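S.K.: To start, I am sharing the structure in question, which I have written as structure tokens.
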Amino acid sequence: MDLNNKLVLLTGASGGIGACLAQSLAKRGAHLLLVGRNAAKLEKLQQQLQNSEQHALLSADLTCDAGREALNHWLESYRQQGQRISVLINNAGTNQFQFLSQRGKESLQNELNLNLTTPILLSQAALHWLERPGIILNVGSAFGSIGYPGYASYCAAKAGLHRFSEALDRELDGSGIRVLYLAPRATKTELNSPAVNELNQKLGNRSDEPQVVANHVIEMLEEEITARWIGWPEKLFAKINQWFPSLVSQSIRKQQIAIHHSLGKNLSHRRTNDHDVEVPTSSKPL
Ligand SMILES: NC(=O)c1ccc[n+]([C@@H]2O[C@H](COP(=O)([O-])OP(=O)(O)OC[C@H]3O[C@@H](n4cnc5c(N)ncnc54)[C@H](OP(=O)(O)O)[C@@H]3O)[C@@H](O)[C@H]2O)c1
């Protein structure tokens, strides 16, 4: 798809990957509808974008009905003006590196909601307002293909998102809507706590700049690439885990001491986006 002059809805726009992606999309001439909870961050981002007046923002919590209704209401106003959205990027996500036994019920529900239920519901709504040809791109994770200690519910949500993307793409075959799935590996954003960054360093796991992920998203949209995993050896591990999961279990077993050490450190690190945050909904038109 040629992104020039296309209307693109981007969730998680205020985050590390989202902000980079917004910059790249704006440079391609796309008109952006930016969504996140933090209005101040979204406004700052909008001001920094090329042709800032061509973009609009909505601050809404997408994990609750009120936030999703505000989004649908906002999009309806575009539809009534004859503007159609060509791309939905489900990028908003969250996680918490912690043993399942130590997680609170609300934190688990929030993680499953934002990473899995929300993109499913937004994709369903998009079937009504997305232009044909149109694209839904879901941002998953390498952890959607490899179960990893400390991330059990996040792995479950991203694995679900992968299967959802695959099924919906097949369901919509011939309809003019494509559903794509991208699995980044560790990326340098605020999503990862200092303890997680330290663990990645200790284990020699590579961490990408958010621009790397943004470049992959652009390429996938432009060339309509169905699914992609970023980085070696993560791409290879995803395949090995599918065919020989015990080999990956053996490899992770060797990391257990480092993982437990980091999880202990991480207990004191409470992530703000894992709290229940009351977000007033507000929008700025194009
Ligand atoms: N960073 C990594 O290592 C990594 C690796 C693989 C995959 N990913 C995936 O990449 C995507 C982007 O992650 P990131 O690293 O850019 O994370 P990030 O910097 O923490 O950004 C997360 C984004 O999601 C938004 N968000 C959080 N809760 C929300 C809610 N309830 N309603 C609406 N928006 C909400 C945040 O905005 P507000 O806080 O303003 O709401 C922010 O814009 C996620 O799906 C993540 O799972 C990341």
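S.K.: Scan G174, G144, G82 and give me the residue that is open to solvent by 40 Å² or more (accessible area, probe 1.4 Å) and closer than 22 Å to E224 by Cβ. Steps first, answer last, please.
M.R.: Values: G144 fails: open to solvent by 40 Å² or more (accessible area, probe 1.4 Å); G82 fails: closer than 22 Å to E224 by Cβ.
Among G174, G144, G82, only G174 is open to solvent by 40 Å² or more (accessible area, probe 1.4 Å) and closer than 22 Å to E224 by Cβ.
S.K.: Can you name the residue in the range 201-218 that is within 13 Å of the ligand (Cβ to nearest atom) and surrounded by fewer than 17 Cβ atoms within 10 Å (Cβ to Cβ) and is also farthest from Y154 (Cα to Cα) among such residues? If you could, list the steps in order and put the result at the bottom.
M.R.: Within the range 201-218, the subset within 13 Å of the ligand (Cβ to nearest atom) is 205-214, 216-217.
With surrounded by fewer than 17 Cβ atoms within 10 Å (Cβ to Cβ) added as a condition, the list becomes 206-207, 209, 211.
Details: R206: 19, S207: 18, E209: 21, Q211: 23 Å.
Going through the qualifying residues, I end up with Q211.
S.K.: Here's another thing I want to ask about it. Any idea which residue in the range 122-142 is farthest from Y154 (Cα to Cα), counting only those that are within 12 Å of the ligand (Cβ to nearest atom) and outside any strand (DSSP E or B)? Break it down stepwise before answering.
M.R.: Let us first name the residues in the range 122-142 that are within 12 Å of the ligand (Cβ to nearest atom), namely 122, 137-142.
Filter once more, so that each one left must be outside any strand (DSSP E or B): 122, 140-142.
Numbers: L122: 19, G140: 10, S141: 9, A142: 11 Å.
Among those that are within 12 Å of the ligand (Cβ to nearest atom) and outside any strand (DSSP E or B), it is L122.
S.K.: Let me ask something else. Just the residues that are open to solvent by less than 30 Å² (accessible area, probe 1.4 Å) and not hydroxyl-bearing (S, T, Y), please, taken from the range 21-38.
M.R.: L21, A22, L25, A26, G29, A30, L32, L33, L34, V35, G36
S.K.: Is there any pair with a first residue in the range 133-157 that is more than 12 Å from L116 (Cβ to Cβ) and a second that is within 13 Å of the ligand (Cβ to nearest atom) and among the hydroxyl-bearing types (S, T, Y) whose Cβ atoms are under 7 Å apart and which are 6 or more apart or on different chains, and what are they?
M.R.: From residues that are more than 12 Å from L116 (Cβ to Cβ), the pairs are F143/Y151; F143/Y154.
S.K.: Are any of the residues in the range 29-38 over 20 Å from the mean Cα position of the chain (by Cα) and in a loop (DSSP other than H, G, I, E, B)?
M.R.: Within the range 29-38, the first condition is being over 20 Å from the mean Cα position of the chain (by Cα), and the residues that meet it are 29.
Filter once more, keeping what is in a loop (DSSP other than H, G, I, E, B): 29.
Within the range 29-38, one or more residues are over 20 Å from the mean Cα position of the chain (by Cα) and in a loop (DSSP other than H, G, I, E, B).
S.K.: Looking at (1) open to solvent by 80 Å² or more (accessible area, probe 1.4 Å); (2) aromatic (F, W, Y); (3) at pLDDT 95 or above, which is the only condition W229 fails?
M.R.: Status for W229: all satisfied but (1).
S.K.: With (1) open to solvent by 40 Å² or more (accessible area, probe 1.4 Å); (2) away from the ligand (no atom under 12 Å from the Cβ) as the list, and V179 as the residue in question, which single condition is left unmet?
M.R.: Failing condition for V179: (1).
S.K.: Counting just the residues of the range 70-85 that are assigned to a loop (DSSP other than H, G, I, E, B) and out of contact with any strand residue (DSSP E or B) (no Cβ under 7 Å at 6 or more places or on another chain), which one comes out nearest to N38 (Cα to Cα)? Don't jump to the end; show me each part of the working.
M.R.: First, the residues of the range 70-85 that are assigned to a loop (DSSP other than H, G, I, E, B): 81-84.
From what's left, out of contact with any strand residue (DSSP E or B) (no Cβ under 7 Å at 6 or more places or on another chain): 81-82.
On the way: Q81: 27, G82: 28 Å.
Among residues in the range 70-85 that are assigned to a loop (DSSP other than H, G, I, E, B) and out of contact with any strand residue (DSSP E or B) (no Cβ under 7 Å at 6 or more places or on another chain), the one nearest to N38 (Cα to Cα) is Q81.
S.K.: Yes or no: the range 47-69 includes at least one residue that is within 13 Å of the ligand (Cβ to nearest atom), open to solvent by 30 Å² or more (accessible area, probe 1.4 Å), part of a loop (DSSP other than H, G, I, E, B) and not aliphatic (A, V, I, L, M).
M.R.: For the range 47-69, residues within 13 Å of the ligand (Cβ to nearest atom), open to solvent by 30 Å² or more (accessible area, probe 1.4 Å), part of a loop (DSSP other than H, G, I, E, B) and not aliphatic (A, V, I, L, M): present.
The values are calculated or read from the model by the stated rules, or taken from the named source; none is laboratory data. The model shown is predicted, which means the values in this text are computed figures rather than measured ones. Virtual Cβ from ideal backbone geometry, glycine too; neighbours counted across all protein chains shown. Please note that ligands, DNA and RNA were not included when accessible areas were found on the heavy atoms of the full protein model with its side chains. Shrake-Rupley method; radii C 1.70, N 1.55, O 1.52, S 1.80 Å.
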